[in-house]
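Working notes for the structure below.
The values are calculated or read from the model by the stated rules, or taken from the named source; none is laboratory data. This structure is a prediction, so every number in the text was calculated from the model and none was measured. Here the Cβ positions follow ideal geometry from the backbone for every residue, glycine too, while neighbour counts run over all protein chains shown. Heads up: the accessible areas ignore ligands, DNA and RNA and are worked out on the full protein's heavy atoms, side chains in. Shrake-Rupley method; radii C 1.70, N 1.55, O 1.52, S 1.80 Å.
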Amino acid sequence: VSVTAVAASEVNTGVANPIAQTFSINFKLYTTAENTIRGVYRWERDNGYNITVRVIGTTMYYVNTVTHELVTVKTGLHASASYYSFANADNKLFWVNSYDALSYWDANTTGSITDPDLEIMSQITYHKDRLFGVSAANKNKVMWSEAPGNPSDLAVNQQWYNAWESTSFQYVPRPYIGSPITSIQSFQDSLFIFTQDGKYVFSGYDAGSYTLRESTGFAGAVSAKSVCITKNFMYFVGKDGFWQFDGTNDKKISEPIEPLFRGLTDRSAVTVSEWRNQVRFYIQE
């Protein structure tokens, strides 16, 4: 809405004899439909032109660094998706949301990977030259893409991150145990897999060397957004507190604020992030 200004005059006749003046105020009002931000990701690229991506409602946008306006990347995303997981590799940004197929954007065009052996995923991460993901339907199942590469003699669907095999998966720790995978994180040369009740270490480079074991520090995480990686530690929200993990041992760091933690109505809604060398826990009230 735009209102045109009308010139106003000022008359100073003293406090005892004020004269009312007629004028209008020039302003602009911008409105948008109320909607929840469902995902945000900072895509750090090799060319130094880093991009901030966010999902609002059913549309993905990036932020134009010159105009600071939102520019549409993709529309028609699934209306029921409430959480987006991102990863970048091969100069592409990949994402999943528990409903749509694994999708990507190369800063010019978007596409999706529809390998018949690839299930819809709830989370993804990049680890040791492959994409790893969590099945949305089988919540204890981790899947991975085939060995990367773009050989010219192979079709596109057999190239980088497009090829997924039906045998390339691992249940953590076994199917349907009532403690689903909540987060997968590449940390200190291993893939750490959090469940609601525990933590596991997935090591190796390929199917011939992959191993799965329980982590020494076994505290689990309540949700994907409750885990944050810094240079030397992982921080996460567990069922009974805020934790710091050094790759071997867990350390509970929430003792000074136990009343605050016990008072949380939804611990899975806590978001953990790093900002200016500080780890921050964002709590919804």
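Things worth noting here:
- Only lysine pairs 8 or more places apart, or on different chains, with alpha-carbon atoms under 19 angstrom apart are counted in the chain, and they number 19.
- Relative intensity of segment 110-242 on a log10 scale, I(q)/I(0) at q = 0.20 Å⁻¹, equals -1.19, per a Debye sum over C-alpha point scatterers of equal strength in the absence of solvent.
- Mean separation of Cα contacts under 8 Å (6+ apart) over length of segment 175-285, as relative contact order %: 18 percent
- Relative contact order for the chain: 7 percent, from Cα pairs under 8 Å spaced at least 6 residues apart, divided by residue count.
- 5 angstrom amide H check on Gln188, placed H, neighbours 5+ away: none
- Solvent-accessible area of Thr109 with every protein chain in place, 1.4 Å probe, in Å² to the nearest 10: 80 Å²
- Counting only Cα atoms, the chain measures 92, 56, 33 Å along its principal axes, largest extent leading.
- Close amide H contacts of His127 (hydrogens built in the peptide plane, cut-off under 5 Å, sequence separation of 5 or more or a different chain): Phe132.
- Spin-label model distance (nm) - Thr216 vs Glu44, 7 Å beyond Cα toward Cβ: 2.8 nm
- Accessible-area rank, largest first, for Ser273, Ser166: Ser166, Ser273, with all protein chains present and a 1.4 angstrom probe.
- Altogether, the Stokes-Einstein calculation at 20 °C and 1.002 mPa s, with the Kirkwood radius of segment 38-96 over Cα pairs as Rh, returns a diffusion coefficient of 179 µm²/s.
- Cβ-placed point charges (K, R +1; D, E -1), dipole of the chain about Cα centre in debye, nearest 20: 560 debye
- Residues in the chain average 57 Å² of solvent-accessible surface per residue, probe 1.4 Å, ligands and nucleic acids excluded.
- With 10 Å bins from 0: P(r) over segment 170-233, alpha-carbon pairs, percent: 22, 55, 22, 1
- Rounded to the nearest 10 Å², the accessible area of Glu165 at probe 1.4 Å: 90 Å²
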